[in-house]
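I have placed the structure first, in the form of structure tokens, so that the comments after it can refer back to it.
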Amino acid sequence: MKRLFTLLALTLTGVPALAGSNSHEAHLNLIRTAEEVVEVRVNPVDCWEMDNTYGYYWGAKKLLVICQQNARRANVHTLWTEEDYDTLRHEVHHLIQDCSVGEAGDLQTGVFFDNREDYNNFVSGAIPPNTVNNIRSAYSDKEARDIEMEVEAFAVASAISAETLAGVVTKVCTK
């Protein structure tokens, strides 16, 4: 049932056009909403210890990390870029994937769109085929399921607003 409500929230957004608000305040609200479920860190020391890391979601630790593009010091926010916002939406979708199978931190996760046709339609409407191929290539050392979860998260980040994602987190991840 959680997936049905979330699917409705995502598909009613007018993909691929972003619906809802993608303002700075909407992204700050998305962080606050995610913080109701997991710990959110912006620019932790990890960001400088890992190459090419924009962010990550670590379900087992209930941790969502954003490494801002223009960060200069650990644990200090800087001016948010469009790439930073995109990363936040991407990582929050991994949280949603975690919650939609079980609950955050239970080590159960999977693609949100469990119907292959819905998944393909959503992805193809959100990101071009060459982007999908690039994502699959970049994650080729991962299991097929993990690759599809990444593709889905990139598509969501591209097509779904921060405002909509905050609503989905509330519906799917909070009791």
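The values are calculated or read from the model by the stated rules, or taken from the named source; none is laboratory data. Keep in mind that this is a model prediction, so the values were computed, not measured. Positions of Cβ are backbone-derived with ideal geometry, glycine not excepted, and every protein chain shown enters the neighbour counts.
Brief remarks on what is shown
- Residues in the range 71-90 that are surrounded by fewer than 20 Cβ atoms within 10 Å (Cβ to Cβ) and touching a Phe, Trp or Tyr at 6+ places or on another chain (Cβ under 9 Å) were compared, and the one that is nearest to N22 (Cα to Cα) is D86.
- Residue selected from the range 89-110 under the condition among the aliphatic types (A, V, I, L, M) and within 14 Å of V172 (Cα to Cα), by the criterion modelled with the lowest pLDDT: V101
- Matching entry among I147, I135, I160, I127 (being surrounded by 16 or more Cβ atoms within 10 Å (Cβ to Cβ), closer than 15 Å to Y56 by Cα and either at pLDDT 95 or above or not basic (K, R) (or both)): I147
- Some residue of the range 140-150 being part of a loop (DSSP other than H, G, I, E, B) and polar (S, T, N, Q): yes
- Counting only residues that are assigned to a strand (DSSP E or B) and among the basic types (K, R), the range 18-69 holds 1 of them.
- Residues within the range 33-43 that are free of Cβ contacts under 8 Å to residues at least 60 places away in the same chain and surrounded by fewer than 16 Cβ atoms within 10 Å (Cβ to Cβ), tallied: 2
- Filter result for G55 (crowded, with 20+ Cβ neighbours inside 10 Å and either more than 16 Å from the chain's Cα centre (by Cα) or modelled with pLDDT of 95 or more (or both)): yes
- Of all residues in the range 69-98, those being closer than 17 Å to A162 by Cα, under 15 Å from the mean Cα position of the chain (by Cα) and in contact (Cβ under 8 Å) with a residue 12 or more places away in the chain number 15.
- Selection count where residues are part of a loop (DSSP other than H, G, I, E, B), surrounded by 13 or more Cβ atoms within 10 Å (Cβ to Cβ) and either on the phi > 0 side of the Ramachandran plot or in contact with a strand residue (DSSP E or B) (Cβ under 8 Å, 6 or more places away or on another chain) (or both), scope the range 91-109: 1
- Being hydrophobic (A, V, I, L, M, F, W, C), under 22 Å from E35 (Cβ atoms) and touching a residue at least 24 places away in the same chain (Cβ under 8 Å) holds for only one residue in V123, V169, and it is V169.
- Members of the range 133-160 that are under 16 Å from N121 (Cα atoms) and over 14 Å from the mean Cα position of the chain (by Cα): N133
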